[in-house]
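Nothing in this text is a laboratory measurement; each read-out follows from the coordinates by a stated rule. Source: prediction; values computed, not measured. Cβ atoms come from the backbone with ideal geometry, glycine included; neighbour counts cover every protein chain shown.
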Amino acid sequence: MLRTATERNVPVSGLAEQGDADGVPRLARVARQVAAADFAAVYLALALDAERAR
């Protein structure tokens with residue numbers, strides 16, 4: 001996905017490379033955990049809204 005963005009001149013920033021967790025800075029690990037929780041919260045909110053609409 002990063003390659004496609006780069007080819008199309010879309011600015012991206014990366015926290016750390018995938019792979020070995022020992023070499024990943026603490027901030028990058030925390031950011032990934034927060035991002036996963038954030039996505040989960042959005043999907044749960046969308047599901048709840050869909051249920052209320054029924």
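If you count, for each residue, the other Cβ atoms within 10 Å and average over each peptide, how do 44-53, 31-40 line up from highest to lowest?
Numbers: 44-53: 8.9, 31-40: 10.7.
Descending packing order for the listed peptides: 31-40, 44-53.
Can you tell me how much longer the chain between A40 and R52 gets when fully stretched, taken as 0.36 nm per residue apart minus their C-alpha distance, in nm with one decimal? Before the final figure, lay out each step's value.
Working: separation 12, 0.36 × 12 = 4.32 nm, distance 1.83 nm.
Residue separation times 0.36 nm, minus the Cα-Cα distance, leaves 2.5 nm.
Quick one: net charge around L44, please, counting Lys, Arg +1 and Asp, Glu -1 for every other residue with C-beta under 12 Å from its C-beta. Before the final figure, lay out the partial values.
Details: positive: none; negative: D38, D49, E51.
Residues close to L44 contribute a combined charge of -3.
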